[in-house]
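All remarks here apply to the structure that follows.
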Amino acid sequence: MKLDIVSIFPEYFAPLEISLLGKARRAGLLDVAVHDLRQWAHDRHRTVDDTPYGGGPGMVMKPEPWGEALDAIAPGPELPRLVVPTPSGRPFTQATAAELAGEPWLLFACGRYEGIDARVVADASTRMRVDEVSLGDFVLAGGEVAVLVMVEAIGRLLPGVLGNAESVADDSFAPGSMESLLEGPVYTKPPVWRDRAVPDVLLSGHHGAIARWRRDEALRRTARHRPELLARLAAGGLDARDRAV
Ligand code: 6GU
């Protein structure tokens, strides 16, 4: 997968060199290019923002540098899917991550200040798929950290990136039986630590009982932390034994 990221703070993306994604890049599974938006700003001060029409606080990112950036990075005929992080976007979920992980090329446009002049998305939409996405109901100072989050969520789903292919199936929100469920607690050695024992069932070797226990714990945790998710599940995803929990 090819990823282009445009930002006025390219240094934000240094973490993409380390850990899982750094390894994926070195293995050739992920081709990441980070671009400084200011290379497409041509005045003496490389200005990328201006005051908002209609008044109000803050600054808006000017359309011209963004237009040039997108034209230079994606001249066609092949075009990426453009992802624009913004608190006013549609929610980014595990399903969004899985969908984007199936694309050959993503271009992330990081806005700062009060956002990017709306004509940039309108213009890009005439030739490429554009997704304005939000990580949740809170406001970040810019799209950079949101892009790091999304790239990690997408990158770990790419074939060959995770060591153990099974590890994504049991994730919270994974499509299938974990959809709308939070993953329950996990344990490792020692069997007793500070007088707290690992639940017996996990040491029993009974795979059926362990699977049932894990699902019960996932249901309990979901009821406690995200009751609205359980309500969604109750509309079809619960079996008779789930309902007994
Ligand atoms: Cl995707 N961007 C910004 N700037 N703030 C956010 C967000 C994204 N998601 C939640 N808050």
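What the table below lists for this structure:
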{"item": "Which listed residue, of 133, 198, is away from the ligand (no atom under 16 Å from the Cβ) and β-branched (Val, Ile, Thr)", "result": "198"}
{"item": "Residue match in the range 184-192 (condition: under 21 Å from the mean Cα position of the chain (by Cα), surrounded by 16 or more Cβ atoms within 10 Å (Cβ to Cβ), part of a loop (DSSP other than H, G, I, E, B) and in contact (Cβ under 8 Å) with a residue 12 or more places away in the chain)", "result": "no"}
{"item": "Any pair with Cβ under 9 angstrom, 6 or more apart, that starts in the range 20-37 at a residue that is loosely packed, with under 15 Cβ neighbours inside 10 Å and ends at one that is among the basic types (Lys, Arg) and outside any loop (DSSP other than H, G, I, E, B)", "result": "31/2; 31/25; 33/2"}
{"item": "For residue 95: the one exception among (1) over 17 Å from the mean Cα position of the chain (by Cα); (2) more than 16 Å from residue 3 (Cα to Cα)", "result": "(1)"}
{"item": "Residue match in the range 69-80 (condition: within 16 Å of the ligand (Cβ to nearest atom), assigned to a helix (DSSP H, G or I), touching a residue at least 24 places away in the same chain (Cβ under 8 Å) and touching a strand residue (DSSP E or B) at 6+ places or on another chain (Cβ under 7 Å))", "result": "no"}
{"item": "Residue match in the range 94-101 (condition: near the ligand (Cβ under 10 Å from one of its atoms), assigned by TED's automatic domain parsing to the domain that holds residue 20 and not in a loop (DSSP other than H, G, I, E, B))", "result": "no"}
{"item": "Tally, over the range 113-159, of residues that are hydrophobic (A, V, I, L, M, F, W, C), in a helix (DSSP H, G or I) and within 17 Å of residue 5 (Cα to Cα)", "result": "12"}
{"item": "Subset of the range 228-245 [loosely packed, with under 10 Cβ neighbours inside 10 Å and either in a helix (DSSP H, G or I) or at pLDDT 85 or above (or both)]", "result": "228, 240, 243, 244"}
{"item": "Single residue of 144, 228, 152, 179 found to be among the acidic types (Asp, Glu), over 21 Å from residue 24 (Cβ atoms) and either touching a residue at least 24 places away in the same chain (Cβ under 8 Å) or in contact with a His (Cβ under 6 Å, 6 or more places away or on another chain) (or both)", "result": "179"}
{"item": "Meets criteria (of a type in the set (Gly, Ala, Ser), at pLDDT 95 or above and under 28 Å from residue 153 (Cβ atoms)) for residue 55", "result": "no"}
{"item": "Unmet criterion (only one of (1) surrounded by fewer than 18 Cβ atoms within 10 Å (Cβ to Cβ); (2) closer than 30 Å to residue 215 by Cβ; (3) aliphatic (A, V, I, L, M)) for residue 178", "result": "(1)"}
{"item": "Matching option when the condition is within 13 Å of the ligand (Cβ to nearest atom), buried (at least 18 other Cβ atoms within 10 Å of the Cβ) and basic (Lys, Arg), among 90, 112", "result": "112"}
{"item": "Count - residues of the range 142-164 that are of a type in the set (Gly, Ala, Ser) and either more than 7 Å from the ligand (Cβ to nearest atom) or more than 24 Å from residue 9 (Cβ to Cβ) (or both)", "result": "4"}
{"item": "Residue under evaluation residue 169, criteria (1) free of Cβ contacts under 8 Å to residues at least 24 places away in the same chain; (2) over 30 Å from residue 30 (Cα atoms); (3) surrounded by fewer than 16 Cβ atoms within 10 Å (Cβ to Cβ), criterion not met", "result": "(2)"}
{"item": "Options 198, 120; residue that is surrounded by 19 or more Cβ atoms within 10 Å (Cβ to Cβ) and either under 26 Å from residue 57 (Cβ atoms) or over 14 Å from the mean Cα position of the chain (by Cα) (or both)", "result": "120"}
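The values are calculated or read from the model by the stated rules, or taken from the named source; none is laboratory data. For clarity, every value in this text was computed on a predicted model and none was experimentally measured. In this analysis, Cβ positions are derived from the backbone assuming ideal geometry, glycine residues included, and neighbour counts consider all displayed protein chains.
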